[in-house]
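A short write-up of the structure that comes next.
The values are calculated or read from the model by the stated rules, or taken from the named source; none is laboratory data. Remember, predicted model here, so these are calculated numbers, not experimental data. Here the Cβ positions follow ideal geometry from the backbone for every residue, glycine too, while neighbour counts run over all protein chains shown. Only protein heavy atoms, including side chains, enter the accessible area calculation; ligands, DNA and RNA are left aside. Shrake-Rupley method; radii C 1.70, N 1.55, O 1.52, S 1.80 Å.
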Amino acid sequence: MSATYEPVIVGFLCNWCSYRAADLAGTARLHYAPNMRPIRVMCSGRVEPDLVLKAFREGADGVLIAGCHPGECHYIEGNLKALRRYVLLKQLIRQWGIEPERLQLVWASASEGTVLAAAVNRMTEQLRALGPLRWQQTVLGGDGRPVAAAVPKAEAMATTMPEEA
Amino acid sequence: MAGNGKPKFAMYWAASCGGCEIAVLNIGDKILAVDEAFDIAFWPCAADFKVKDVESYPDGYIDLCLFNGGIRNSENEEMAHLLRRKSKVLVAFGSCAHEGCIPALANLTTPEAIFRAAYLNNISTENPKRVVPQPVTKVPEGELHIPVFYDRVRALDQVVAVDYIIPGCPPEPHQIWNVLEAVISGTPLPPPGSTIIGAGKVAVCEECPLEKHEKTITRFYRPYEIVPEPGLCLLEQGLFCMGPATRSGCNARCPRVGMGCRGCYGPLDGVEDQGARMLAALASVVGVGTLRDEEPKLEPLIEEVMETLVDPAGTLYRYSMAHSLLQRARVETGSSAAGGVR
Ligand code: SF4
Ligand code: FES
């Protein structure tokens, strides 16, 4: 991890609450981490799981989904759908070797600029501790081509690969 | 072989189980029509050919090559390049060549863990000297070379340009015949370029006779845990079914007999990542976590339900791992830890 690593968070913010919360944080001149790239969506329920995976593949270190509090979604239950997807996505990305902290969800109403700012600050620090994700380079091997697997030598295998119980 | 004017046919198998070869024979006595129409130029499973035979053909000599299997090692890759060069029409035949299939589930783990499981810690393997195959081995007679194992399985079109894809694990006989018949009769195929043929465009659900009633579920069951109510959608009974995210063409073979679709025809038209699409569908069928629940209770309630879906990555991406958005798990190379595999 280089000393200059700045985490990149892709933030999906719902138009009716969280995007306004971000707006409010701005007009109120709140100081918070500049690491989130906000993307305005109509509802947190609009965030299809493939958008999250694509963000990770294309270089995001973390993804933040922000929406209205349960009961306040403008499309009634879009945020509950978002929550169900988020819970399963979290279980899924763990199997892909992505730490669960890299995907977060926060409810922030239009008046909760501070809540959103605090979530971004907290997540930025967590991602800083985790280090960069850089999917293309570290997992897919730069140009996306696979590399020959390093197969340990038979002798080395015998000493470095003890029996598993 | 040559000189009789018949179009040349080839079939080859890379990282796959061999079922695709059998699937071609499943077209029954129509195989005689295939034999009648084509001259077999290379089909190691059915007739005695060597790689040097293929090498000796001029480029573009083979008219139709069905390539099944994913790209797991250097031999698979070399054969993919060779057959691409020698074939006018190259078809990714079956799920392994299309999107990785079962062999690509290994993309969730490390090569080292695979070797350990295959050669060392395996109850049916006797290997007291703990010998593990090496790409190059020195023996008194000289050097032995075997193919190099890659760090992940790739689909055929991630390695060479593919004209058509016939999906399925394995492709359904009637679909195989549809395609072969078109080729034999000279019916023009759609424009090439990883074009899906021999399948539908919509979701398996649309071919499925089981009724949907927009019912929600409170947990998932594994197939052995319950006996499904006949005539009703399996997913709405809590039995995992990939129907909503999977391409039609099989005539909903599995749901029809009470087994949820496993997803072998890959994502339907317009969907890039089959698992992500299915995940979205699951979120709609789970009815737990409603506006009646208090905000802090929502997440744990939903978690409990989702945990009843065992092995989400292996289930949602059972066939499409190599072609998914993330393609393989992030694992420390050289460590024996098998990524996040549970
Ligand atoms: S059983 Fe599966 S394929 Fe049939 S309608 Fe239900 S989800 Fe769709
Ligand atoms: S409108 Fe804000 S979460 Fe649905």
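Under the Kirkwood approximation for Rh and a Cα-based Rg, what ratio Rg/Rh is obtained for region B:2-85? Mind dumping the intermediate values first?
Numbers: Rg = 12.9 Å, Rh = 13.4 Å.
That ratio equals 0.96.
For the protein assembly as shown, what size does the Cα cloud have along each of its three principal axes, sorted from largest down, in whole Å?
The principal-axis extents, from largest down, are 82, 57, 43 Å.
What's the carbon and sulfur percent of chain B's accessible surface, probe 1.4 angstrom, rounded to a whole number?
It is 55 percent, rounded to a whole number.
Relative contact order for chain B using alpha-carbon pairs under 8 Å, separation at least 6, rounded to a whole percent?
18
Loop-only trypsin sites (Lys or Arg not before Pro) in region B:72-119, please: DSSP not H, G, I, E or B, and at most 13 other Cβ atoms within 10 Å.
none
Which of the trypsin sites (Lys or Arg not before Pro) found in region B:203-303 are loop residues per DSSP with 12 or fewer other Cβ atoms within 10 Å of their Cβ?
Of the trypsin sites (Lys or Arg not before Pro), the ones in loops of region B:203-303 whose Cβ has at most 12 other Cβ atoms within 10 Å are B:ARG292.
Shape verdict for region A:1-82, please, from the Cα gyration tensor: rounded (a/c under 1.5), prolate (a/b greater than b/c) or oblate.
Because a/c hits 1.5 or more and a/b fails to exceed b/c, region A:1-82 counts as oblate.
Give me the dipole magnitude in Debye, nearest 20, for chain B about the Cα centre, with unit charges on the beta carbon: positive for Lys and Arg, negative for Asp and Glu.
Using Cβ point charges on Lys, Arg, Asp and Glu, chain B gives about 400 debye.
Computed from the mean reciprocal separation of all distinct C-alpha pairs, what Kirkwood hydrodynamic radius does region B:105-150 have, in Å?
Averaging 1/r across every pair of different Cα atoms and inverting gives 12.3 Å.
When chain B is modelled as a GNM with alpha-carbon springs shorter than 10 Å, which of B:PRO140, B:PRO173, B:PRO128 fluctuates the most?
Its mean-square fluctuation being the largest, the pick is B:PRO140.
Report the FRET efficiency, 1/(1 + (r/R0)^6), for B:GLU206 and B:LYS129, where r is their Cβ-Cβ distance and R0 is 60 Å, rounded to 0.05.
Calculated value: 0.60.
On a 0 to 90° scale, report how tilted helix B:295-306 is relative to the longest principal axis of chain B, with both axes built from alpha carbons and the result rounded to the nearest 10.
40
Could you state the per residue volume, in Å³, of the convex hull enclosing the Cα atoms of region B:173-232?
167
Based on the Cβ-Cβ distance of B:ASN4 and B:GLU229, what FRET efficiency does E = 1/(1 + (r/R0)^6) give at R0 = 56 Å, to the nearest 0.05?
Efficiency, from the Cβ-Cβ distance: 0.45.
Region A:1-84: which trypsin sites (Lys or Arg not before Pro) are DSSP loop and have at most 15 other beta-carbon atoms within 10 angstrom?
Here the trypsin sites (Lys or Arg not before Pro) that fit, given the DSSP loop and packing criteria, are A:ARG29.
So if I take the centroid of the Cα atoms in region A:89-105 and the same for region B:64-98, what is the distance between those two points in Å?
Comparing the Cα centres of region A:89-105 and region B:64-98, I get a distance of 34 Å.
Mind putting a number on the dipole of the protein assembly as shown about its Cα centre? Charges go on the C-beta only, +1 for Lys and Arg and -1 for Asp and Glu, and I need it in Debye to the nearest 20.
Charge dipole of the protein assembly as shown: 680 debye, to the nearest 20.
Round to the nearest 10 and give me the degree value, 0 to 90, for the angle of helix B:74-86's Cα axis relative to the longest principal axis of chain B.
Taking Cα atoms only, the helix is inclined about 60 degrees.
Roughly what angle does helix B:274-285 make with the longest principal axis of chain B, taking Cα atoms, 0 to 90 degrees, to the nearest 10?
Rounded to the nearest ten degrees, it is 20.
Looking at chain B as a GNM with Cα springs under 10 Å, which of B:PRO167, B:PRO267, B:PRO296 has the largest mean-square fluctuation?
Greatest mean-square fluctuation among the candidates belongs to B:PRO296.
Equivalent ellipsoid semi-axes for region B:204-310, as square roots of 5 times the alpha carbon gyration tensor eigenvalues: give them largest first, rounded to whole Å. Provide the component values of the computation, followed by the final result.
On the way: eigenvalues 122, 54, 27 Å².
Semi-axis lengths for region B:204-310 are 25, 16, 12 Å.
On the principal axes of its Cα set, how long, how wide and how thick is region A:9-156? Give whole Å, largest value first.
Over region A:9-156, Cα extents along the principal axes are 64, 32, 24 Å.
So in chain B, which Cys have no other cysteine's beta-carbon sitting under 4.7 angstrom from theirs?
Those would be B:CYS17, B:CYS20, B:CYS45, B:CYS65, B:CYS205, B:CYS208, B:CYS233, B:CYS241, B:CYS250, B:CYS254, B:CYS261, since no other cysteine Cβ in chain B comes under 4.7 Å of theirs.
Which residues make up the longest stretch of chain B clear of GluC sites (Glu not before Pro) that lie in a DSSP loop with no more than 13 other Cβ atoms within 10 Å, not counting the sites? Could you put the intermediate results ahead of the total?
Values: sites that count: B:GLU126, B:GLU141, B:GLU214, B:GLU225, B:GLU294, B:GLU332.
Counting at most 13 other Cβ atoms within 10 Å as exposed, the longest clean stretch of chain B is B:1-125.
Please check: in the Gaussian network model of chain B (C-alpha springs, under 10 Å), which one of B:THR216, B:THR308, B:THR125 has the largest mean-square fluctuation.
Result for chain B, Cα springs under 10 Å: B:THR125 fluctuates most.
Which log10 I(q)/I(0) values, to two decimals, does chain B give at q = 0.06, 0.10, 0.12, 0.14 Å⁻¹ under the Debye formula with one point per Cα?
Normalising to I(0) and taking log10 leaves -0.26, -0.69, -0.94, -1.18.
So how much accessible surface do A and B hide from each other in total, probe 1.4 Å, in square angstrom to the nearest 100?
Interface between A and B: roughly 5100 Å².
Measuring from label point to label point, each 7 Å out along Cα→Cβ, what is the A:GLU58 to B:THR290 span in nm?
Modelled inter-label distance: 3.7 nm.
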